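A short worksheet on the structure shown next.
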Amino acid sequence: MAHVREVARKTGAAWEVRWRENGTFKQRSFAAEKEAVEFSHEVRLEKRNVGTANHLAGKSPTFAEVAAESMDANATRLKPKSQGGYRVHINPTFGKRQINSITSIEVEKWLRTMETKKSEHTGRPLAPASVHACFVALSKVFAYAVKHKIIPPNPCAVVDKPRLQKTEPVFLEPEQVEAVAAALDDHAPYGLIVRFAAYSGLRAGELAALRIRDVNFLRKHVEVRRTVQRTKGGWVFGTPKTARSTRDAPLRRDLLADLDAYLEQHPHRHDPDAALWPGRLPGNHRDDPDVLDFDRQFDPVTVYRYFFKPALERLGLPAVRWHDVRHFYASACAAAGIDIRKVSRWMGHASVNTTDSIYTHLFNGDHETDMDKLGEVAARPLPLPMPRIGAV
């Protein structure tokens, strides 16, 4: 219940509305008794319909404060990239605002701005997937506020989500992958890294986070146990993307042999916790093996930008992304006739449905044999009709 009482102020009489919220009292003051009474009715309606009138109090925490509480509560599940999204794209607009004052109209305006905003790194408009991820992150903070009765409705609930534009994967041919790897053999170990990425299916962050102990020669697989991301504060290690991304990905025998030869030359080969791949001295992108530094973090972006992409151009191949090497792995497995359920597990997809949604056309296979079998069923002779009982 909300109660109205008259209180004395230095400027004269005022009317105060007080109500209990989660064991504590909230209040709002009004200069006129009529306004206070009307507000008390609004408080009663909100508590009856929504369960809380906390958002009607004069002051609420800022969006940034609630976002920080939400991130602390979900720290074990939140990826470093998500925290960067709040800092760069959300807090500049909503961070200092009281969270109960943000409306759905303002969220829509922010979303329209995001769809034309340019990336700090590339100078190009943000990818639809990035805009969608920021909207989801924004909505999660409001959902957290609703859960703890800081606000009643989630202003994002009535806003149309930004659409994800599905892009078709680009698939290199096996001979094209080998051509790029051969071209990078002169910049060892980048040729081996391309072959490893192409025939293991690891994501870039998983590849960069590998340690020597992760290559299991006895069981002939690589153990994916961590990922690494580059943030504004430096490299941050974390868990793989999904629960099924923690996995053992099998490796070809010839690739294992190449890895064995590579590790024979590795300066930290006797340290199982040492990084598998070397980094580079900062600012050095020339063809000098002395710039390799096995004590620095390996960066796939550097290898792609200064070695992989130029090799594609020299060979006259399509300008594919580094992630398209992972797509190649799926296409190679499909061409080899490997069951999609195995491929899904080896690639670390959240479920086989994810694999099917991306690569369904690869695993459809040749339907000719299936259709021949269906034709045999259709061509079967009709069974003789059974005589009716009592028929003459």
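The values are calculated or read from the model by the stated rules, or taken from the named source; none is laboratory data. Please read these numbers as outputs of a predicted model, since none were measured by experiment. Reconstructed Cβ throughout: ideal geometry from the backbone, glycine too, with neighbour counts over all protein chains shown.
Things worth noting here:
- If the condition is being surrounded by fewer than 19 Cβ atoms within 10 Å (Cβ to Cβ) and either small (Gly, Ala, Ser) or touching a residue at least 12 places away in the same chain (Cβ under 8 Å) (or both), then region 313-330 contributes ARG314, LEU315, GLY316, LEU317, PRO318, ALA319, ARG321, TRP322, HIS323, ASP324.
- Test result for VAL158, farther than 30 Å from LEU45 by Cα, in contact with a helix residue (DSSP H, G or I) (Cβ under 7 Å, 6 or more places away or on another chain) and of a type outside the set (Gly, Ala, Ser): no
- In region 207-218, the condition of being in a loop (DSSP other than H, G, I, E, B) and crowded, with 21+ Cβ neighbours inside 10 Å is met by at least one residue.
- Near pairs, Cβ below 7 angstrom, 6+ apart or cross-chain, from region 50-68 (farther than 13 Å from ASN22 by Cβ and part of a loop (DSSP other than H, G, I, E, B)) to any residue that is modelled with pLDDT of 70 or more and of a type outside the set (A, V, I, L, M): VAL50/PRO152; GLY58/ARG28; LYS59/GLN98; SER60/GLN98; SER60/ASN100
- Flag not set for ASP185, criterion: more than 30 Å from ARG253 (Cα to Cα) and surrounded by fewer than 16 Cβ atoms within 10 Å (Cβ to Cβ).
- Among (1) closer than 30 Å to TRP110 by Cα; (2) within 28 Å of the chain's Cα centre (by Cα) - the single one PRO152 does not satisfy: (2)
- For region 219-269, the strands (runs of 3 or more DSSP E) that sit wholly inside it and include 2 or more residues that are touching a helix residue (DSSP H, G or I) at 6+ places or on another chain (Cβ under 6 Å) and either within 23 Å of THR354 (Cβ to Cβ) or of a type in the set (Ser, Thr, Tyr) (or both) are 221-224, 227-231.
- Residue within region 206-215 that is farther than 25 Å from PHE308 by Cα and of a type outside the set (Val, Ile, Thr) present: yes
- Lone unmet requirement of (1) farther than 23 Å from ARG230 by Cα; (2) loosely packed, with under 15 Cβ neighbours inside 10 Å; (3) modelled with pLDDT under 95 for ASN284: (1)
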